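The values are calculated or read from the model by the stated rules, or taken from the named source; none is laboratory data. Predicted, not measured: the structure shown is a model, and the values here were computed from it. All Cβ positions, glycine included, derive from the backbone under ideal geometry; neighbour counts span all protein chains shown.
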Amino acid sequence: MKLSYEKLNDLAKLVRYLILISTTEAGSGHPTSSLSATDLMVTLFFNGYFHFDINNPKNPNNDRLIFSKGHASPLLYALYLVAGKITTEEIMTLRKFKSPLEGHPTIAFPYAEAATGSLGQGLSIGVGMALNAKYLDKLPYKTFALLGDSEMAEGSCWEAMQIAVHYKLDNLIGILDVNRLGQRGETMYGHRLKEYEKRISAFGWHTIIVSNGHSFSQIVKAYKKAIVVKRKPVMIIAKTIKGKGVSFLENKDGWHGKALSREELKKELTKLGRINTLIRGEIVLPRNITNSKTQKPKPKLELNNGYKIGDLVATRKAYGNALARIFPQFPNMVVLDAEVSNSTYAEIFKKAYPERFFEMYIAEQNMVGMALGLASRGKIPFISTFAAFFTRAFDQIRMSQYSNANIKFVGSHAGVSIGQDGPSQMGLEDIAMFRTLLNSVVLYPADAVSTEKLVEESAKHKGIVYIRATRKETPVIYNENEQFRIGGSKVVKESSNDVATIVTAGITLHEALLAAEQLEKDGIKVRIIDLYSVKPLDIATLQKAAKETKVIITVEDHYEAGGIGEAVAGALCNFSEHHVLENLSVCKIPMSGTPEELLDHEGISKEAIIKKVKKYAKKS
């Protein structure tokens, strides 16, 4: 289906009209940023390059479109009105409370692939979707990403560009709207298209320059070339005018994120000329292709790695073992790792299922964005790196919650117990970070058995899960028939005359057990709770312990802020029974040393626990 330039112009004029009336009604928004990309998007949508079943947005054969330039959402909504899926009444609810047409796209709007608007993230999401089509689902759909020139200053864009070339994603097409003006003035390269071409082509992309991004003949030629390129992703670099179509806005600074007043709108609508508000565009349907190689779940494989009580096994290695074991049960799994798979032990899965493992190299922001793209196409991504390095990708992690992401994050090398590598490698903020996410799950297993069981539970769970893994080998303390559920805990030691309850998880559980052994020799008994599910918490077990022992001591290899201590304090703050709550956590700047030296230096070792318990034993 190819339209005349006159028909494309009529559709573009209607889209511009809708952008203007909806943002003026809202009293806010980004009309100028939407107007600049209108001709590019109208041509993509309605001239036969974008294949999409408008009545079934979840059709696996649909081409995908990400508005990385999320502030251009008025354009996105206007396109779907012209396609026949939104009414004029609905578009006038833009930015209104409870309207799915939010200020930046979210999945409340069924045609938005992901929540975008935090700039620099959409291309990574698109890379994940394109990777899925080429290597996993083996479907011919293409992925398009609309980018703004301002966001090209973001490092995550260039992380995505590198990996897209590495995986030869010729089904990925970026559309760079170079409108020159950012929020506060000119962008880094203004309208100098060659500067963008030079950099993007240097990364290995096929580049196509459109010197006039409002010329339908140039735009059509660009798309015709882009869709036939092989073995490389494509970037269309188009010079556009911010505010195009509204004479007093065109190429003018100071209008970013501002809507026209009703008086300004009325005046400009007369200048737009005749607008046919009844015309509609048609989007071409995708080919109906079924991937016959889709794997079906196989019966559950029982844990059978020969773990015996007392064996020394690092939980990070148990993570790798678990991935390989459970994959037949969860054939939609895919594993990504940031060039540390020999430390996170994701390499165990890689050796077993190399076609389901993708190396992300040291580019954590892009890894998270790609995981979101994969999750949006029905995959279950497990992504791993050192716990400390997830912090640099927190914006991507934060944004993924608004897309109802089904991603499993695994951070190894957590805490000061990693030892000699020093503070740059120590994940000490990770529990706090992941606890802040709405409806997230945070798990911190202490041994190989609990790790394997919790990895399996994570795969079953729909949503964001964070698993904290330990570098150091720790003793197996649980039998293989032990069950672990999200939201549970384990009382690993208790008596009827416990002086205090030690609530802990991971590496410090073993310190607590050693402390309890020494305390018992001194005639002092303590209760120990393995709080392996840090979020959600087993509040009933915590309240029972607070009632019966009156003293709760939390111990964690994590900073105090946002960690286990604060989680427990929050859970017990309204508990009516009198109790005392103390926290042992990392409160000094860490340094290099042996794990034992560092645990002792931070006051979270067995000796520190013994000292704290004896304080209350004297009082009793």
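Descriptive notes on the structure:
- One residue from 321, 332, 342 being at pLDDT 95 or above, among the polar types (S, T, N, Q), over 25 Å from residue 470 (Cβ atoms) and not assigned by TED's automatic domain parsing to the domain that holds residue 110: 332
- Among all residues of region 164-175, there is at least one that is farther than 17 Å from residue 70 by Cα and in contact with a His (Cβ under 9 Å, 6 or more places away or on another chain).
- Picking from residues in region 224-276 that are assigned to a loop (DSSP other than H, G, I, E, B) and of a type in the set (Ser, Thr, Tyr), the one that is nearest to residue 72 (Cα to Cα) is 240.
- When 524, 502 are checked against the criterion of being more than 32 Å from the chain's Cα centre (by Cα), surrounded by 22 or more Cβ atoms within 10 Å (Cβ to Cβ), within 25 Å of residue 618 (Cβ to Cβ) and not assigned by TED's automatic domain parsing to the domain that holds residue 417, 502 stands alone in meeting it.
- Any pair with Cβ under 8 angstrom, 6 or more apart, that starts in region 553-573 at a residue that is surrounded by fewer than 24 Cβ atoms within 10 Å (Cβ to Cβ) and ends at one that is at pLDDT below 95: 572/579
- For region 400-416, the set of residues classified as in a helix (DSSP H, G or I) and crowded, with 24+ Cβ neighbours inside 10 Å consists of 400, 416, listed by residue number.
- Annotation: of all residues in region 59-82 being in a loop (DSSP other than H, G, I, E, B) and either out of contact with any Gly (no Cβ under 6 Å at 6 or more places or on another chain) or free of Cβ contacts under 8 Å to residues at least 12 places away in the same chain (or both), the one that is surrounded by the fewest Cβ atoms within 10 Å (Cβ to Cβ) is 59.
- Flag for residue 577 being among the charged types (D, E, K, R) and modelled with pLDDT under 95: yes
- For region 574-588, a residue qualifies if it is over 25 Å from residue 544 (Cβ atoms) and either in contact with a Leu (Cβ under 6 Å, 6 or more places away or on another chain) or without any contact (Cβ under 8 Å) to a residue 12 or more places away in the chain (or both), and exactly one does: 586.
- Among residues of region 589-610 that are in contact (Cβ under 8 Å) with a residue 40 or more places away in the chain, those with a beta-carbon under 6 Å from a residue that is surrounded by 16 or more Cβ atoms within 10 Å (Cβ to Cβ) and assigned to a loop (DSSP other than H, G, I, E, B) at least six positions away or on a different chain give the pairs 590/426; 594/419; 595/419; 595/472; 599/605.
- Annotation for region 177-189: at least one member residue is surrounded by 15 or more Cβ atoms within 10 Å (Cβ to Cβ), of a type in the set (Lys, Arg) and in a loop (DSSP other than H, G, I, E, B).
Here's the yes/no breakdown for (1) surrounded by fewer than 23 Cβ atoms within 10 Å (Cβ to Cβ); (2) at pLDDT below 95; (3) assigned to a loop (DSSP other than H, G, I, E, B):
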| site | (1), (2), (3) |
| --- | --- |
| 94 | no, no, yes |
| 107 | yes, no, yes |
| 125 | no, no, no |
| 146 | no, no, no |
| 157 | no, no, no |
| 162 | yes, no, no |
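- Residues in region 211-242 that are aliphatic (A, V, I, L, M) and touching a residue at least 40 places away in the same chain (Cβ under 8 Å): 219, 220, 226, 227, 229, 234, 235, 236, 237, 238, 241.
- Those residues of region 518-552 which are touching an Asp or Glu at 6+ places or on another chain (Cβ under 8 Å) and touching a residue at least 60 places away in the same chain (Cβ under 8 Å), in sequence order: 526, 531, 551
- Within region 248-302, the set of residues being of a type in the set (S, T, N, Q), assigned by TED's automatic domain parsing to the domain that holds residue 56 and surrounded by 12 or more Cβ atoms within 10 Å (Cβ to Cβ) comprises just one member, 251.
- Test result for residue 193, surrounded by 24 or more Cβ atoms within 10 Å (Cβ to Cβ) and assigned by TED's automatic domain parsing to the domain that holds residue 208: no
- Options 352, 387, 346, 375: the member that is over 12 Å from residue 411 (Cα atoms) and surrounded by 24 or more Cβ atoms within 10 Å (Cβ to Cβ): 375
- Only one of 112, 37, 72 that is at pLDDT 95 or above and more than 16 Å from residue 244 (Cα to Cα): 112
- Among the residues of region 467-481, none qualifies, meaning not one is in the same structural domain as residue 583 (by TED's automatic domain parsing), among the small types (Gly, Ala, Ser) and either out of contact with any strand residue (DSSP E or B) (no Cβ under 6 Å at 6 or more places or on another chain) or assigned to a loop (DSSP other than H, G, I, E, B) (or both).
- Checked against (1) surrounded by 23 or more Cβ atoms within 10 Å (Cβ to Cβ); (2) assigned to a loop (DSSP other than H, G, I, E, B), residue 42 meets all criteria but (2).
- Every residue from region 299-331 that is among the charged types (D, E, K, R) and not in a helix (DSSP H, G or I): 300, 302, 308, 311
- Just one residue in the set 540, 545, 571, 515 is in contact with a strand residue (DSSP E or B) (Cβ under 6 Å, 6 or more places away or on another chain) and not in a strand (DSSP E or B); that residue is 545.
- Some residue of region 99-120 being closer than 22 Å to residue 255 by Cβ, aromatic (Phe, Trp, Tyr) and in contact with a helix residue (DSSP H, G or I) (Cβ under 8 Å, 6 or more places away or on another chain): no
- Selection from region 495-511 of residues that are in contact with a helix residue (DSSP H, G or I) (Cβ under 8 Å, 6 or more places away or on another chain) and assigned to a loop (DSSP other than H, G, I, E, B): 498, 499, 505, 506
- As a summary of the residue check, residue 439 satisfies the conditions (1) under 14 Å from the mean Cα position of the chain (by Cα); (2) in a loop (DSSP other than H, G, I, E, B); (3) closer than 26 Å to residue 604 by Cα except for the one numbered (3).
- Of residues in region 417-436 being part of a loop (DSSP other than H, G, I, E, B) and of a type in the set (A, V, I, L, M, F, W, C), the one farthest from residue 595 (Cα to Cα): 428
- Some residue of region 418-426 being out of contact with any helix residue (DSSP H, G or I) (no Cβ under 9 Å at 6 or more places or on another chain) and in contact (Cβ under 8 Å) with a residue 24 or more places away in the chain: yes
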